[in-house]
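> Sharing a structure below in structure tokens format, with a few things to ask.
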Amino acid sequence: MAILHCRRSKLLVLLLAISSFISGCTTSANQRYFGKTVAPTNNVFRYITGPEPETLDPQLPDGQPESRILLALYDGLVEYGPKDQLPIPAIAKSWEVNPKFDEFLFHLRAGAEWSDGVPITARDFVYSLRRGFAPETISRTAANGYVIKYAEAFNGSKVFVKKGGAFLLEKDFGKPDSPAPPAFGPETEFHKLINSPPRVTLEGDEKKRAKEIAADPKLAAAVEGAELVPVKAEDIGVEVIDDYTLRITLRQGAPYFMGLLAHQFFRLVPQQAIEKWGKEWTRPEHIVTCGAFRVKEWRPYDDLVLEKSPNYWDAANVHLAGIEFYPIEENSTMMNLYKAGEIDAFLNHIVPTSWLDEIRKYKGEYLNSPENAVAYYAMNNTKPPFNDPRVRKAFNFGLDKEALSSFRKITKPLFNIAPSGIIMDFDKAREKVREDIRKERGISPEDWVKLRAFNPDEARKLLGEAGFPVQKSGDGWACPNFPTDKVSITYNTNESNRATAEFVQAQWKQNLGITVPLKTMEFKTYLPYYKGLQYDGFAQSLWSGDYMDPYTFLNLHYGKDNEGGAGFYDPKYDKMLDEANAEIDPDKRFEKLARAEFYLMEQLPSIPLIITATNWMKKPYVKGMYPNAGTLIPWKFVYIEHDPAKWETDVSDIMSQSDPQVDKQLQELMSTQKAVTK
């Protein structure tokens, strides 16, 4: 007879703890802390980062819930600064950048190891990047690295064209020539090759290539009888100089690139484990990592338990013994677990609106800081009726974003692609450009405001022009022939998302006479559905900036295979962004980015909704954890303070407060970079 072993899951234990705690305990108005507040004696941090992680492979997913977990498991060239999210040294102890921001030389630290004890070298970075861009990897964030020379062509399975022993060059077919940069770092054969004039690349798919060639008679004549050479992994602009020196060459200047490198896509993946186990390499019994923590146990839909990695190069400065991640999506459940003292912190955008007045009293725990993040509704530009820009604009004009923001309480209305109030120099450039355009077009300030604000009259007019007349119906409006059976507002299961969708639905019913159905699905299912443009009508998107530059938002709609989720592509827009990033002067670059943003708002692939705020909580004994603008946590700085005299008492200005332990860590890390750049 088989013996059945029964294990009570940690998640079940936590949920039972909620009922037992709340049934016998309430929070009084004068209580110092929100619920039970006892620092864990085992030095293990308990955290909720949202739904069950899709995967532990850092190059595959693009959801923020996975990001926070992956930052604990994998290291990269640089790490996010705990407060400002600017890049700080990680496996790269220092780096050099050329004046055009199109070539980067990284000096790696000796002694960095994988969790299995294998040394980390520059070859690991080359392998990881080549693997991330490989088409068969199917990375949803590979587009972040398309600025690396030939990375996009390799990821898109494109081909070079070789004729008469020489490759066709872009400069011979109308594209501007890119003069080779001055020598930067050691000169090698690969360096000469990667800095030669850019080659023509064509679609690898025969049908797509035929269409591409047919559109350009000069290209068609040049391609006839030529050899097509597939772009290989070895062609992209990443190079091993020696074991501890890496060079990355870009196709154009990218002043934002250093900040982008902390993103999970650029973190190392283990060649030795991937080649041995294939797609099974992330199973707990196979996984090899290189971050401050390693996997101890993973029970899907229950908990993911990490422990401090003894092989981590900076293990001496990792303060936690481990982290326990719990997969929970229901906001009130998270709040109650926190109140019961069963978790130490939870992710952003969680405190329900109805709880805010109570929660704000706990100044040592409630965090509400500006966030480099936006919420928007992508519209499927590839399907009617949203392939018509008039329809897209109508729904934008028909939504009162000021009212939506007031309803959400902790947000600000979003009227552009990139958020305001985060990068002040860009805000100034944006205002200058908007005023210049207003004057260029001869529009009065009064009319200019009407063209950019809530305007239901203009919305109804545009719908009529698009073939969907709006009629008076009693005290309201009706749009009888709008295909509501073929559109919906699709969003992933989340209380905040549902509240937003219901508010927007009511707005469009009131202002346009159109009731758009709502559709919800689990986060893991939602992401590929959204990215694959399978939705009809609108799809919820929350985008948190990967780095502190407006390009992290403007880039969402760049290129054919972009992250915007709307199916939008416009070569003119791409060219505007390329020209902006080629600009060395920071003020002029921001002005060019602002013009590109204005152009995109006139095409309107998506409806801007709100600028989000961090809105989360941590126990007062949790230190070194900050509401940075991306809500991305470099876990090596987090620690548990066991002395109540040193607990947080007011986190409203936590970003300006000094923590000697964190400050010391940062100074030690930055000292190596300063030594090189002097």
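> Taking segment 329-364, which residues are touching a residue at least 60 places away in the same chain (Cβ under 8 Å) and of a type in the set (Phe, Trp, Tyr)?
Tyr338, Phe346, Tyr362
> Related question: Could you tell me which numbered condition Thr245 fails, if it satisfies all but one of (1) among the hydroxyl-bearing types (Ser, Thr, Tyr); (2) modelled with pLDDT of 95 or more; (3) over 30 Å from Pro586 (Cβ atoms)?
The failed condition is (3).
> Looking only at segment 445-454, decide whether some residue is of a type outside the set (Val, Ile, Thr), assigned by TED's automatic domain parsing to the domain that holds Cys479 and crowded, with 19+ Cβ neighbours inside 10 Å. I'd like the intermediate steps shown before the answer.
To start, the set of residues in segment 445-454 that are of a type outside the set (Val, Ile, Thr) comprises 445-448, 450-454.
This time we only want the ones that are assigned by TED's automatic domain parsing to the domain that holds Cys479, so: 445-448, 450-454.
Narrowing further to those that are crowded, with 19+ Cβ neighbours inside 10 Å: 454.
Checked segment 445-454: at least one residue is of a type outside the set (Val, Ile, Thr), assigned by TED's automatic domain parsing to the domain that holds Cys479 and crowded, with 19+ Cβ neighbours inside 10 Å.
> Out of the residues in segment 359-399 that are touching a strand residue (DSSP E or B) at 6+ places or on another chain (Cβ under 9 Å) and basic (Lys, Arg), which is nearest to Thr612 (Cα to Cα)?
Arg360
> Hey, among Ser332, Ser309, which residue is farther than 16 Å from Ile69 by Cα, in contact with a helix residue (DSSP H, G or I) (Cβ under 8 Å, 6 or more places away or on another chain) and of a type in the set (Ser, Thr, Tyr)?
Numbers: Ser309 fails: farther than 16 Å from Ile69 by Cα.
Unique residue meeting the criteria: Ser332.
> Then there's this: Kindly evaluate Lys439 against the criterion of being exposed (fewer than 13 other Cβ atoms within 10 Å of the Cβ), charged (D, E, K, R), assigned by TED's automatic domain parsing to the domain that holds Ala394 and not in a helix (DSSP H, G or I). Step through it out loud before you land on a result.
Values: exposed (fewer than 13 other Cβ atoms within 10 Å of the Cβ): yes; charged (D, E, K, R): yes; assigned by TED's automatic domain parsing to the domain that holds Ala394: yes; not in a helix (DSSP H, G or I): no.
Here the answer is no, as Lys439 does not meet what is asked.
> Quickly run through segment 520-547 and pick out the residues that are touching a Gly at 6+ places or on another chain (Cβ under 9 Å), outside any helix (DSSP H, G or I) and modelled with pLDDT of 90 or more.
Correct list: Leu533, Tyr535, Ala539, Ser541.
> I would also like to ask the following. Can you say whether Gln603 is farther than 20 Å from Pro255 by Cβ and either assigned by TED's automatic domain parsing to the domain that holds Arg68 or in contact with an Asp or Glu (Cβ under 7 Å, 6 or more places away or on another chain) (or both), as far as the supplied structure shows? Give the derivation first.
Values: farther than 20 Å from Pro255 by Cβ: yes; either assigned by TED's automatic domain parsing to the domain that holds Arg68 or in contact with an Asp or Glu (Cβ under 7 Å, 6 or more places away or on another chain) (or both): yes.
Taking the combined requirement at face value, the residue satisfies it.
> Do you know which residues across segment 365-382 are part of a loop (DSSP other than H, G, I, E, B) and modelled with pLDDT of 95 or more? Walk me through it before giving the result.
Narrowing segment 365-382 to residues part of a loop (DSSP other than H, G, I, E, B): 365, 368-369, 380-382.
Of everything in segment 365-382, those that are part of a loop (DSSP other than H, G, I, E, B) and modelled with pLDDT of 95 or more turn out to be Glu365, Asn380, Asn381, Thr382.
> Residue by residue through segment 482-492, note down the ones that are of a type outside the set (A, V, I, L, M, F, W, C) and surrounded by 11 or more Cβ atoms within 10 Å (Cβ to Cβ). Quick ask: steps written out before the conclusion?
Step one: of segment 482-492, the residues of a type outside the set (A, V, I, L, M, F, W, C) are 483-486, 488, 490-492.
The answer is Pro483, Thr484, Lys486, Ser488, Thr490, Tyr491, Asn492.
> If we scan segment 457-479, do we find a residue that is surrounded by 17 or more Cβ atoms within 10 Å (Cβ to Cβ), under 30 Å from Asn348 (Cβ atoms), among the charged types (D, E, K, R) and in the same structural domain as Asp536 (by TED's automatic domain parsing)?
No, segment 457-479 contains no residue that is surrounded by 17 or more Cβ atoms within 10 Å (Cβ to Cβ), under 30 Å from Asn348 (Cβ atoms), among the charged types (D, E, K, R) and in the same structural domain as Asp536 (by TED's automatic domain parsing).
> Shifting gears a bit: Give Lys592, Lys531 a once-over and let me know the one that is of a type in the set (Lys, Arg) and in contact with a helix residue (DSSP H, G or I) (Cβ under 6 Å, 6 or more places away or on another chain). Break it down stepwise before answering.
On the way: Lys531 fails: in contact with a helix residue (DSSP H, G or I) (Cβ under 6 Å, 6 or more places away or on another chain).
One residue alone meets the criteria, Lys592.
Residue-wise test of (1) touching a residue at least 24 places away in the same chain (Cβ under 8 Å); (2) under 23 Å from the mean Cα position of the chain (by Cα); (3) surrounded by fewer than 20 Cβ atoms within 10 Å (Cβ to Cβ).
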{"position": "Ile241", "(1), (2), (3)": "yes, no, yes"}
{"position": "Leu250", "(1), (2), (3)": "yes, yes, no"}
{"position": "Phe266", "(1), (2), (3)": "yes, yes, no"}
{"position": "Glu285", "(1), (2), (3)": "no, no, yes"}
{"position": "Val288", "(1), (2), (3)": "yes, no, no"}
{"position": "Phe293", "(1), (2), (3)": "yes, yes, no"}
{"position": "Leu306", "(1), (2), (3)": "yes, no, no"}
{"position": "Ala315", "(1), (2), (3)": "no, no, yes"}
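> Which of the residues that make up segment 469-520 are among the aliphatic types (A, V, I, L, M) and over 29 Å from the mean Cα position of the chain (by Cα)? Walk me through how you get there before you give the answer.
Kept after step one, since they are among the aliphatic types (A, V, I, L, M), are these residues of segment 469-520: 470, 478, 487, 489, 499, 501, 504, 506, 512, 514, 516, 518.
Of everything in segment 469-520, those that are among the aliphatic types (A, V, I, L, M) and over 29 Å from the mean Cα position of the chain (by Cα) turn out to be Val470, Ala478, Ala506, Leu512, Ile514.
> Could you tell me how many of the residues in segment 403-435 are closer than 22 Å to Gln505 by Cα, modelled with pLDDT of 95 or more and over 24 Å from the mean Cα position of the chain (by Cα)?
Total meeting the criteria: 1.
> Could you grab me the full set of residues in segment 472-518 that are part of a loop (DSSP other than H, G, I, E, B), within 30 Å of Pro327 (Cα to Cα) and either of a type in the set (D, E, K, R) or modelled with pLDDT of 95 or more (or both)?
Here is the first cut: in segment 472-518, the residues part of a loop (DSSP other than H, G, I, E, B) are 474-475, 479-483, 487, 493-494, 513-517.
Still in the list and also within 30 Å of Pro327 (Cα to Cα): 493-494, 517.
Within segment 472-518, just Pro517 meets the criteria.
> Inside segment 232-246, can you point out the residues that are within 27 Å of Ser115 (Cβ to Cβ) and not hydrophobic (A, V, I, L, M, F, W, C)?
Scanning segment 232-246 gives Glu239, Asp242, Asp243, Tyr244, Thr245.
> Still on this structure, I have one more. Exactly one of these conditions fails for Phe346: (1) hydrophobic (A, V, I, L, M, F, W, C); (2) under 22 Å from the mean Cα position of the chain (by Cα); (3) surrounded by fewer than 22 Cβ atoms within 10 Å (Cβ to Cβ). Give me its number.
Every condition holds for Phe346 apart from (3).
> Can you tell me which residue within segment 604-640, out of those that are outside any strand (DSSP E or B) and in contact with a Pro (Cβ under 7 Å, 6 or more places away or on another chain), is nearest to Tyr366 (Cα to Cα)?
Going through segment 604-640, the residues outside any strand (DSSP E or B) turn out to be 604-605, 614-615, 619-621, 624-638.
This time we only want the ones that are in contact with a Pro (Cβ under 7 Å, 6 or more places away or on another chain), so: 604, 614, 624, 626, 628-629, 634, 637.
Details: Leu604: 36, Thr614: 10, Gly624: 15, Tyr626: 11, Asn628: 14, Ala629: 16, Pro634: 20, Phe637: 19 Å.
Checking each candidate, the answer is Thr614.
> Name every residue in segment 585-637 that is modelled with pLDDT under 95, among the hydroxyl-bearing types (Ser, Thr, Tyr) and closer than 30 Å to Leu669 by Cα, in order of residue number.
Thr614, Thr631
> In addition: Please state which one of Asp659, Asp650, Asp587, Asp643 is among the acidic types (Asp, Glu) and within 26 Å of the chain's Cα centre (by Cα). If you could, list the steps in order and put the result at the bottom.
Numbers: Asp659 fails: within 26 Å of the chain's Cα centre (by Cα); Asp650 fails: within 26 Å of the chain's Cα centre (by Cα); Asp643 fails: within 26 Å of the chain's Cα centre (by Cα).
Matching residue, one of Asp659, Asp650, Asp587, Asp643: Asp587.
> Would you mind stating whether Arg392 is part of a helix (DSSP H, G or I) and either closer than 25 Å to Leu512 by Cα or assigned by TED's automatic domain parsing to the domain that holds Asp357 (or both)? I'd like the intermediate steps shown before the answer.
Working: part of a helix (DSSP H, G or I): yes; either closer than 25 Å to Leu512 by Cα or assigned by TED's automatic domain parsing to the domain that holds Asp357 (or both): yes.
Yes; evaluated as a whole, the condition is true for this residue.
> With respect to the numbered conditions (1) at pLDDT 95 or above; (2) hydroxyl-bearing (Ser, Thr, Tyr); (3) more than 30 Å from Gly253 (Cβ to Cβ), which one is the sole condition not fulfilled by Tyr74?
(3)
> Evaluate the following for Lys623: is it of a type outside the set (Ser, Thr, Tyr) and free of Cβ contacts under 8 Å to residues at least 60 places away in the same chain? It would help to see each step written out before you state the result.
Numbers: of a type outside the set (Ser, Thr, Tyr): yes; free of Cβ contacts under 8 Å to residues at least 60 places away in the same chain: yes.
So Lys623 passes the test.
> All but one of (1) out of contact with any Gly (no Cβ under 7 Å at 6 or more places or on another chain); (2) among the aromatic types (Phe, Trp, Tyr); (3) under 25 Å from Lys409 (Cα atoms) hold for Phe553; which doesn't?
Result: Phe553 passes all but (1).
> Go through the residues of segment 287-295 one by one and say whether even a single one is closer than 18 Å to Glu54 by Cα, in the same structural domain as Pro627 (by TED's automatic domain parsing) and among the basic types (Lys, Arg).
Of all residues in segment 287-295, those closer than 18 Å to Glu54 by Cα come to 287-289, 294-295.
After this cut, where a residue has to be in the same structural domain as Pro627 (by TED's automatic domain parsing) as well, the list is 287-289, 294-295.
Still in the running and among the basic types (Lys, Arg): 294.
Yes: segment 287-295 contains one or more residues that are closer than 18 Å to Glu54 by Cα, in the same structural domain as Pro627 (by TED's automatic domain parsing) and among the basic types (Lys, Arg).
> If you check Pro605 against the conditions, is it under 25 Å from the mean Cα position of the chain (by Cα) and in contact (Cβ under 8 Å) with a residue 12 or more places away in the chain? So that I can check it myself, show each step before the final result.
Details: under 25 Å from the mean Cα position of the chain (by Cα): yes; in contact (Cβ under 8 Å) with a residue 12 or more places away in the chain: yes.
Yes; evaluated as a whole, the condition is true for this residue.
> Among the helices (runs of 4 or more DSSP H) lying completely within segment 114-212, list those that include at least 1 residues that are touching a residue at least 12 places away in the same chain (Cβ under 8 Å) and either loosely packed, with under 15 Cβ neighbours inside 10 Å or among the hydroxyl-bearing types (Ser, Thr, Tyr) (or both). So that I can check it myself, show each step before the final result.
Numbers: elements: 122-133, 151-155, 189-194.
Qualifying helices (runs of 4 or more DSSP H): 122-133.
The values are calculated or read from the model by the stated rules, or taken from the named source; none is laboratory data. Fair warning: this is a prediction, and the values are worked out from it, not measured in the lab. We place every Cβ from the backbone using ideal geometry, glycine too, and count neighbours over all the protein chains shown.
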